[in-house]
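Structure first, then comments.
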Amino acid sequence: MESFHSFFYFCDQLETIILKEGVESSNNSYRKCIALKTITIPKSFKQFMFVPFNGCTHLEEIIVHQDNPNFKSIEGVLYSKDETILIKYPQGKQENEFTIPASVIQVNNNAFYNLLILENVIVPLNVTKVQPKAFQSERLTIFVRASDKPAGWDDEWYFNCLNVIWNYSG
């Protein structure tokens with residue numbers, strides 16, 4: 001088993017990372033790589049031991065090998081393989097609005113962290129668990145279809161966001 005610990009930390013010139021087959025985990029890697037635009041995760045990769053890609057302000061796309069049994073990428077966003085957990089929305093992804101897919105029931109901590117372009121996130125009713133500081137971006141307005149905070153959402157589920165609109169029906 002190969003794993004990386006604190007590699008690619010503060011790499012300000014690195015634009016692309018392609019992890020080789022055989023790498024299974026990383027701990028505190030790929031953080032604050034401000035020029036990073038894409039990262040490719042191999043079939044062998046099993047776990048991030050820490051929140052991935054925080055501070056990678058230009059990251060537009062996370063690519064996952066199609067045969068990876070643990071993770072999946074849909075339009076550059078990182079999910080669990082079964083698409084029930086949204087793990088990471090890339091900080092530099094080029095879109096203004098994002099609707100969390102209907103398959104997602106959980107949003108991980110720091111999933112929406114310090115976003116540069118994204119302004120609106122629509123959270124469907126099926127999202128029943130939101131971890132602490134899952135939404136952490138001062139530009140972000142969160143449109144929630146639920147009428148009030150669901151019981152499975154952490155009390156600190158958002159931090160430093162512009163606005164939260166409940167009972168959204170648009």
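The values are calculated or read from the model by the stated rules, or taken from the named source; none is laboratory data. These numbers come from a predicted model, not from an experiment. Cβ sites come from the backbone with ideal geometry, for glycine too, and all protein chains shown count toward neighbours. To get the accessible areas, we keep the full protein, side chains included, count just its heavy atoms, and leave off ligands, DNA and RNA. Shrake-Rupley method; radii C 1.70, N 1.55, O 1.52, S 1.80 Å.
Going toward the positive end of the dipole of the chain, with +1 on Lys and Arg Cβ and -1 on Asp and Glu Cβ, which of Pro132, Ala146, Thr38 do you reach last? It is Pro132.
In this view, the solvent-accessible surface of Arg139, computed with a 1.4 Å probe and all protein chains in place, comes to about 100 Å².
From the square roots a ≥ b ≥ c of the eigenvalues of the alpha-carbon gyration tensor of the stretch 38-126, which class results: rounded (a/c under 1.5), prolate (a/b over b/c), or oblate? Intermediate values should be presented prior to the final figure.
Details: a/c = 1.70, a/b = 1.19, b/c = 1.43.
Judged from the Cα gyration tensor, the stretch 38-126 comes out oblate (a/c at least 1.5, b/c at or above a/b).
Counting lysine pairs in the stretch 1-148 that sit 8 or more residues apart in sequence, or on different chains, and whose Cα atoms lie under 16 Å apart gives 15. Ser80 sits with roughly 10 Å² accessible to a 1.4 Å probe, with DNA, RNA and ligands left out of the calculation. For Thr99, the accessible area of its heavy atoms, probed at 1.4 Å with every protein chain present, is near 70 square angstrom. The local environment of Glu75, defined by Cβ-Cβ distances under 14 Å, has a net charge of -2 under the rule Lys, Arg +1 and Asp, Glu -1.
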